[in-house]
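Visitor: One structure is given below, represented as structure tokens, and several questions about it will come after.
The values are calculated or read from the model by the stated rules, or taken from the named source; none is laboratory data. Since the structure is predicted, the reported quantities are computational estimates derived from the model, not experimental observations. As a convention, Cβ positions derive from the backbone with ideal geometry for all residues, glycine included, and neighbour counts pool all protein chains shown.
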Amino acid sequence: MDLRLGNMHDVRAFSVAVTAVVLLGNLALQSLVMPAGVVEDVRVSGAVIALALAGPISFFMGLRLYDIHCLTLDLEHAAQHDPLTGAVTRARVYDRAAEIGHVPMTLILADIDRFKEFNDRHGHLAGDAALRQVAQTFLRNCRQEDVVARFGGEEFLILLPGTTPEDGVRVAERLCTRLRDRQVEIDGARLAVTASFGVAGVEEPGGIDAAIARADAALYEAKGAGRDRVCAA
């Protein structure tokens with residue numbers, strides 16, 4: 001049984017339900033094991049004792065179950081998200097594709113241009129700041145149902161449910177422009193960060209790897225054409 005208490009309303013409902021069960025059980029047990037005359041004498045006092053014990057204990061149990069639920073959500077979030085950028089993990093992309101099912105999807109691969117040079121010139125803290133800004137730019141300019149994942153060191157994958165490759169190209173062009181227009185501020189200096197994009201359609205949920213391969217080829221075409229641009233498979 002998966003008993004999850006997601007909020008304080010659930011905790012109070014759980015406490016009331018447990019207390020009611022204890023009270024009814026107490027009354028039933030009295031009727032079974034005590035003479036009828038004695039039951040009448042102890043019914044009220046027994047109910048008061050049952051309420052006094054079951055109420056606080058069940059509420060405390062509810063609070064602990066609520067804490068466990070919150071901890072479970074935190075652990076699930078940590079397992080599914082990259083701690084540096086807040087984007088989801090590579091594994092989560094495949095899970096979401098299976099959850100979305102058989103609907104048209106487009107896949108975008110984005111790779112930050114000359115990221116190694118950026119790291120070597122400005123340091124790894126600046127590189128981390130650039131990664132975070134790129135991820136936030138993607139997250140803020142995609143829909144809630146889209147999947148933004150950190151796919152490798154400086155590579156990101158975006159899955160767009162319910163779209164065509166033409167839609168994907170338009171989204172990638174918008175993201176490319178947003179990155180170009182938004183510089184990273186490091187120690188008072190504003191540094192340009194751009195990315196190259198490859199776009200491919202996803203034919204079926206199980207065809208993610210094939211779509212990644214096509215998008216990767218398009219991405220390298222964009223790199224070869226001068227970077228900071230979008231190419232479609």
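Visitor: Of all residues in the stretch 40-82, count the ones that are modelled with pLDDT under 75 and closer than 20 Å to Asn26 by Cα.
Guide: 9
Visitor: Can you tell me which residue within the stretch 16-32, out of those that are at pLDDT below 75 and not polar (S, T, N, Q), is farthest from Ala47 (Cα to Cα)?
Guide: For the stretch 16-32, the residue satisfying everything is Leu32.
Visitor: Please work out if Thr177 is over 19 Å from Val103 (Cα atoms), of a type in the set (Ser, Thr, Tyr), assigned by TED's automatic domain parsing to the domain that holds Met105 and free of Cβ contacts under 8 Å to residues at least 12 places away in the same chain.
Guide: Numbers: over 19 Å from Val103 (Cα atoms): yes; of a type in the set (Ser, Thr, Tyr): yes; assigned by TED's automatic domain parsing to the domain that holds Met105: yes; free of Cβ contacts under 8 Å to residues at least 12 places away in the same chain: yes.
Yes: the conditions hold for Thr177.
Visitor: Now, a different point. Which ones in the stretch 102-118 are touching a strand residue (DSSP E or B) at 6+ places or on another chain (Cβ under 9 Å) and of a type outside the set (Phe, Trp, Tyr)?
Guide: Those that are touching a strand residue (DSSP E or B) at 6+ places or on another chain (Cβ under 9 Å) and of a type outside the set (Phe, Trp, Tyr): Val103, Pro104, Met105, Thr106, Leu107, Ile108, Leu109, Ala110, Asp111, Ile112, Asp113.
Visitor: Okay, moving on. With Glu145, Glu185, Glu155 as the choices, which residue is touching a helix residue (DSSP H, G or I) at 6+ places or on another chain (Cβ under 9 Å) and either among the hydroxyl-bearing types (Ser, Thr, Tyr) or over 26 Å from Gly226 (Cβ atoms) (or both)?
Guide: Glu145
Visitor: Only strands (runs of 3 or more DSSP E) wholly contained in the stretch 112-204 count here; list those with 3 or more residues that are touching a Ser or Thr at 6+ places or on another chain (Cβ under 7 Å). Lay out the reasoning, then the answer.
Guide: Numbers: elements: 147-150, 155-161, 184-186, 189-191, 195-202.
Filter on the stretch 112-204 gives 195-202.
Visitor: Please specify each residue of the stretch 205-226 satisfying the condition of being assigned to a helix (DSSP H, G or I) and either at positive phi or outside the structural domain of Asp111 (by TED's automatic domain parsing) (or both).
Guide: Those that are assigned to a helix (DSSP H, G or I) and either at positive phi or outside the structural domain of Asp111 (by TED's automatic domain parsing) (or both): none in the stretch 205-226.
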